[in-house]
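Student: One structure is given below, represented as structure tokens, and several questions about it will come after.
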Amino acid sequence: MKAKIYVTLKSGVLDPQGKAVEQALHALGFKEVGGVRIGKYLEIALDGGTRDEAEHRVREMCEKLLANLIIEDYRFEIGP
Amino acid sequence: MKFAVLVFPGSNCDHDCYHVLKHVVGVSTEFLWHKETSLAGFDGVVIPGGFSYGDYLRCGAIARFSPIMKAVEAFAREGGSVIGVCNGFQILVEAGLLPGALIRNRGLKFICADVNLRVETTRTPYTAEFRKGEVLTMPIAHAEGNYTADPETLDKLKRNDQVVFRYCDASGNAADSANPNGAMENIAGIVSEGRNVLGMMPHPDRCAEKVLGSEDGLRLFKSMVNSLSESRV
Amino acid sequence: MAFDAAVEMTEEIAARHGLSAEEYARIVRHLGRAPNITELGIFSVMWSEHCSYKSSRVHLRRFPTTGPRVIQGPGENAGAVDVGGGLAAVFKMESHNHPSFIEPYQGAATGVGGILRDVFTMGARPIASLDSLRFGPLTDPRHRTLLEGVVAGISGYGNCVGVPTVGGELSCHPSYAGNILVNVFTLGIAKADRLFRGTATGVGNPVIYVGSRTGRDGIHGATMASAEFDDESDRKRPTVQVGDPFTEKLLLEACLELMSNDMIVGIQDMGAAGLTSSSCEMAGRAGTGIELWLDKVPRREPGMTPYELMLSESQERMLIVAKAGRETEVMEIFEKWDLPVAVIGRVTGSGTLRVMDGGRLAAEIPVQALTDDAPVYNRPIARPTDQDERNRLDPSALPALAEPEDYGRVLRTLLAVPGIAHKGWVVRQYDHMVRTNTVVRPGSDAAVVRIKGTAKGLALSVDCNSRYCFLDPRRGGALAVAEAARNLSCSGATPLAVTDCLNFGSPERPETMWQFSEAVDGISEACAALGTPVVSGNVSFYNETNGAGIYPTPMIAMVGLLEDVEKRAEQGFSKEGEAILLLGETPGRLGGSEYLASIHGLEKGSPPSLDLDLEKRVQAVCREAIRAGLVSAAHDTSDGGLAVALAESCLSGPKPIGARVDLQNPGGSRADEVLFGEAASRIILSVPEGKIAEMEAIAREHAVPFFRIGTVGGEKLEISVGGRGLVSEDVAGLDDAWRNALARQLGVA
């Protein structure tokens, strides 16, 4: 099984990177751009176990390590 | 002779480079804001270290789109002298003026320390006054200085004598233990095919006065100035 | 125009804002009515310990704060002293303890951001930072993570802005297990006649907001059962502020550009309590009033309430009072640097803070009620009942260390204690060279930065032995000042002035207030005697978790001046055959020593005695000898006593070098006391043979005793006491024990 994990800053938390990229896109003429937020995308291969177990384990990984819950949210998809 | 020190939002070694050129080497030097579009009247360009645009997307990735970079590209194409130090090197590779890329240090952390450098070629305006194989001491200060390139590029760099500096130990061996950031083949600095654009991670601007412990960097700037004076004659 | 009546004010809401019933009654008296929620929020932050210094103010008045060199004492964004040549050194230290415990990276990063703004707000360009850190034991994985995070945060922020972190200190102790300390210091240089202050003078002058947009960062307001404060809006409010060093760098350059012209009358950082504190402190200092138009405030998020806008602690923002008519020029500078800028109010003669939200009056409060008339408490003081027990120490009950090889092991153990160990793992992550002024890099008693365009240099040091302060806060406070000054003198610099960061437990505990009061007295005595006034500082109370407070930690940062930066010294031995001299004769004592704590597990006894007159003379001799070119190395002997100081000098030079030392023991002390006992007013010097006579003359002139205790050279550090060889260690082994200790304890070696 494979997990696709997205870690993003919580809404309301300042995203300096997103802000800088948004300004750069504006400067390059992409005037329609707004609300740029930068996050992390992870792909993880999982060995064995049921789908439920995998979900449980991935959630644990996110909360223990992959996301800093003080400032970040996470979501994930589990697929074949 | 007049030099331009480019200033991007987030440049932070601009004052250091300016200080060395203007007050230590003693050549005419001006700051040039990144929104400028012309390099007319300048004989050399220094792209200083720092964190242009916070290094937020990738180091140098946003700065390369600044208006002044079009002028820098034209200037370089015509053989003009351009040095990029640290973040300046990162900007030059993002702009395609030098090959390869600079990625995260293998230790993942920012490193500020003195390193030993071996001069690999004296066939550049910047190293003409060094001896080939000579060991220099210069500071590095970066988190993304790990030079990487595909095998063909690497081959070409070596074939054309474009590798200018390698990290080495005190006796001049380019050993892995002397490689601070994991750079391929210990590469610390390279020059363009035309030999006029130099990119290097170590900071010559930080070792250009005796009071700071070393003058190896001063020799690099003087070499550049002297080469330019000769070529003007 | 009507006051917001959506929330009915109660004492309970006030209590959730940290205001006592008495304080709430006082607010009602000041206003002549009940406050609305925005006003309550404003009072709560302005009357907080952090902004009002309500528990510490009565004590802080005892600090000596004036002197011939003082240009700006406490009360402004930072202090300033005259360093000659028309230049001023501007500096301050601040704590960011609690935020760093919650989120170490961002907590430490925003701490650096705040102190940088305090300094460049004064019109000074920041040229160097220090940080002073305290963690719990590194055997606890949580504290290893905290240490890594804090160091990464300081590195991430300071490096990006381009202000070198040139030194500091770090130690670990169980008393910090629930409350780490992150104290950051920044020094800037300004023209002495071009200092800017946080003042809102000139009725009609525009109030200008610059920097990052305002979000819901760091609003600590309690969750309230009202439409305005439902769970949803609470969820939206991040308690952790994220630092944006790139914007800080732009703000720094833009502000300095602004201040090189004659456009503004006052400027202040929007730090703690953001828009609220900056506006009313500026009006308070000027005796004016201020009117703010919240609809003009640049925002990051829609739907923000006046309460949120006034209390937000979003980072990288400044409030400026410009000269009327210069608005456009001011705005052009910030637009050049791509920074949000807006005129958001004006100075009035009303003496009130008047906050408008569109056509609605959101708050109206007399400025004095928020500033000068804020509560001041003379809190109860009580000496801890076990204080005498703490000071009781019977050395004869300690197990004796007889075998010579044991002393070598003790030395290696002490060299690996985090407070003593080499800090290379930390300082490698800090850009300590940017701006090319760092003449003495981290790792000596004091860091030295040159002042470009002059022959001068400034030396910086930060110190506090909290074990000493726990055992005797008064003497501990004085010893911290003495050590900071001694560190500067060891570099050749004349100590000029102090900034402090007083970290303590809860002021509501009489024992803590006793420690605080005693420490202030100790610091005051030492500062007065050494001629180093306190010019700025910060108090951090409530460093306490579940009733367990930290050891009293009054951190002292000191700035010293070298008229000629070439005439300086560092702590490392480098010259084979030179004589090792000991300046000062105070015998080391075991009370409160690192040896007693680390080897015997005891934190007892009295800290070293301190004779301030002798201290002053010892330092004077050291400085004179350095200036006369007699000294190749100078090192203060502090934690770990003479043996550790000697080892550090052997290991800190360009490469490790040995030494042969024989210590006399006229008083017949225990050998461990001679080796590892601690004392003030002692300095180790490395001096060429041919210059000893000159050295003697200087020492005699100041009536300072000195002794030749050994010779630099070889591959071993050999120390005997009264002719009995006790330590004989290869420097290579000592170097490994010292240099790699921190990485080993962090599990990254």
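Student: Order these peptides, C:109-120, C:663-674, C:344-355, by their mean beta-carbon neighbour count within 10 angstrom, highest first.
Tutor: Highest mean packing first, the order is C:109-120, C:344-355, C:663-674.
Student: Please report the net charge: other residues with Cβ closer than 15 Å to the Cβ of C:Glu253, K and R +1, D and E -1.
Tutor: Local charge sum for C:Glu253: -3.
Student: Could you work out how far the C-alpha centroid of segment B:164-233 sits from that of segment C:312-347, in angstrom?
Tutor: 42 Å
Student: Based on the Cβ-Cβ distance of C:Glu332 and A:Val36, what FRET efficiency does E = 1/(1 + (r/R0)^6) give at R0 = 30 Å, to the nearest 0.05?
Tutor: 0.65
Student: Oh, and also: What does the average come to when, for each residue of peptide C:155-166, you count the partner chain Cβ atoms lying within 10 Å of its Cβ?
Tutor: The shielding value for this peptide is 4.
Student: Calculate the mean, over all residues of peptide C:446-459, of how many other protein chain Cβ atoms lie within 10 angstrom of the residue's Cβ.
Tutor: Taking the mean over all residues of the peptide, I get 1.
Student: If you plug each phi of segment C:575-587 into the Karplus form 6.51 cos²θ - 1.76 cosθ + 1.60 with θ = phi - 60°, what whole-Hz ³J(HN,Hα) values come out, in order, with x for Gly and Pro?
Tutor: Computed from phi, the couplings for segment C:575-587 are 10, 3, x, 6, 7, 9, 10, 10, 9, x, 10, 3, x Hz.
Student: Specify whether the C-alpha gyration tensor of segment B:141-233 places it in the rounded, prolate or oblate class, a ≥ b ≥ c being the square roots of the eigenvalues: rounded for a/c under 1.5, otherwise prolate if a/b is larger than b/c and oblate if not.
Tutor: Oblate.
Student: OK, next. With a point put 7 Å past each Cα toward its Cβ, work out how far A:Asp52 is from C:Ser20 in nm, to one decimal.
Tutor: Rounded to a tenth, the inter-label distance reads 5.6 nm.
Student: Let me ask another. Once amide H atoms are placed 1.01 Å from N in the peptide plane, what residues at a sequence separation of 5 or more from C:Ala362, or on another chain, have their amide H within under 5 Å of its amide H?
Tutor: C:Val355, C:Met356, C:Asp357
Student: Per residue, what accessible area does segment B:2-232 have, given a 1.4 Å probe and all protein chains present, in Å²?
Tutor: 35 Å²
Student: Regarding the protein assembly as shown, what is the average projected area of its C-alpha convex hull, in nm²?
Tutor: Taking the Cα atoms of the protein assembly as shown, their convex hull projects to 44.4 nm² on average.
Student: Next question. What does the buried accessible surface come to for C and B, summed over both chains, with the probe at 1.4 Å? Round to 100 Å².
Tutor: 2500 Å²
Student: With a 1.4 Å probe and all protein chains left in place, how much of the accessible area of segment C:347-394 comes from carbon and sulfur atoms, in whole percent?
Tutor: The computed percentage sits at 47.
Student: For segment C:414-424, in order, what is each residue's ³J(HN,Hα) by Karplus, 6.51 cos²θ - 1.76 cosθ + 1.60 with θ = phi - 60°, in whole Hz (x at glycine and Pro)?
Tutor: Result, rounded to whole Hz: 5, 5, 9, 5, x, x, 9, 3, 4, 9, x.
Student: Counting only residues 5 or more places away or on other chains, whose amide H sits under 5 Å from the amide H of C:Ala659 once H atoms are built in the peptide plane?
Tutor: The answer is C:Gly713, C:Lys716, C:Leu717, C:Glu718.
Student: HN-Hα J couplings of segment C:164-169 from phi, Karplus 6.51/-1.76/1.60, θ = phi - 60°, integer Hz, Gly and Pro as x?
Tutor: So the Karplus estimates, Gly and Pro as x, are x, 8, 9, x, x, 8 Hz.
Student: Okay, next question. Quick check on chain B: helices-only [θ] at 222 nm, where DSSP H runs of length 4 and up contribute -39,500 (n - 2.57) each and the sum goes over total residues. Nearest 500, please.
Tutor: So the calculated ellipticity at 222 nm is -6500 deg cm²/dmol.
Student: Leaving out ligands, DNA and RNA, what percent of the accessible area of segment B:2-232 is carbon and sulfur, probe 1.4 Å?
Tutor: Carbon with sulfur: 48 percent of the solvent-accessible area.
Student: Shape verdict for segment C:326-463, please, from the Cα gyration tensor: rounded (a/c under 1.5), prolate (a/b greater than b/c) or oblate.
Tutor: Oblate.
Student: Taking 10 Å² as the minimum loss, tell me which residues in segment B:204-233 lose that much accessible area going from the chain by itself to the full protein complex (1.4 Å probe).
Tutor: With the partner chains in place, segment B:204-233 has these residues losing at least 10 Å²: B:Arg206, B:Glu209, B:Val211, B:Leu212.
Student: If you average the alpha carbon positions of segment C:497-546 and of segment B:88-102, how far apart do those two centres end up, in angstrom?
Tutor: Here the two parts' Cα centres lie 51 Å apart.
Student: In addition: Would you tally the net charge around C:Glu701, using a Cβ to Cβ cut-off of less than 10 Å, leaving C:Glu701 out, and scoring K and R as +1, D and E as -1?
Tutor: 0
Student: Give me, ordered by chain and number, the residues 5 or more places off B:Ser11 or on other chains with an amide H under 5 Å from its own placed amide H.
Tutor: Excluding prolines and chain starts, which carry no amide H, the hits are B:Phe51, B:Tyr53.
Student: Based on the mean of other beta carbon atoms within 10 Å per residue, what is the order of C:512-522, C:605-615, B:33-43, most packed first?
Tutor: C:512-522, C:605-615, B:33-43
Student: Can I ask one more? Give me a single rounded figure for C:334-343: the average over its residues of other chain Cβ atoms within 10 Å of their Cβ.
Tutor: Average per residue, whole number: 1.
Student: How high is the FRET efficiency from C:Arg57 to C:Glu701, r the C-beta distance, R0 41 Å, rounded to 0.05?
Tutor: For C:Arg57 and C:Glu701, the calculated efficiency is 0.45.
Student: How large is the Rg to Rh ratio of segment B:2-232 when both quantities use alpha carbon positions and Rh follows Kirkwood?
Tutor: For segment B:2-232, the value is 0.92.
Student: Another question, if that's okay. Can you give the angle from 0 to 90° between the axis of helix C:612-627 and the longest principal axis of chain C, with both taken from C-alpha atoms, to the nearest 10?
Tutor: 80 degrees
Student: Once the Cα atoms of helix C:37-46 and of chain C are each reduced to a long axis, what angle between those two axes, in degrees from 0 to 90 to the nearest 10, is obtained?
Tutor: Helix C:37-46 and the main axis of chain C meet at about 20 degrees.
Student: If r is the Cβ-Cβ distance from A:Ile70 to C:Arg409 and R0 is 41 Å, what FRET efficiency results, to the nearest 0.05?
Tutor: Efficiency computed from Cβ-Cβ geometry: 0.45.
Student: Continuing with this model, one more query. Tell me the accessible surface of B:Asp216 in square angstrom (1.4 angstrom probe, heavy atoms of protein chains only), to the nearest ten.
Tutor: Only protein atoms counted, so the area is about 30 Å².
Student: Considering only C-alpha atoms, what is the centroid distance from segment C:684-749 to segment C:403-482, in Å?
Tutor: About 17 Å separates the Cα centre of segment C:684-749 from the one of segment C:403-482.
Student: On to the next question. Specify the angular offset, from 0 to 90 degrees and rounded to the nearest 10, of the alpha carbon long axis of helix C:327-336 from the longest principal axis of the alpha carbons in chain C.
Tutor: Roughly 60 degrees, rounded to the nearest 10.
The values are calculated or read from the model by the stated rules, or taken from the named source; none is laboratory data. None of the values given here were measured: they were computed from a predicted structure. No Cβ is skipped: glycine too gets one built from the backbone with ideal geometry, and neighbour counts run over all protein chains shown. The protein model used for the area step is the full one, side chains on, heavy atoms only, and it has no ligands, DNA or RNA in it. Shrake-Rupley method; radii C 1.70, N 1.55, O 1.52, S 1.80 Å.
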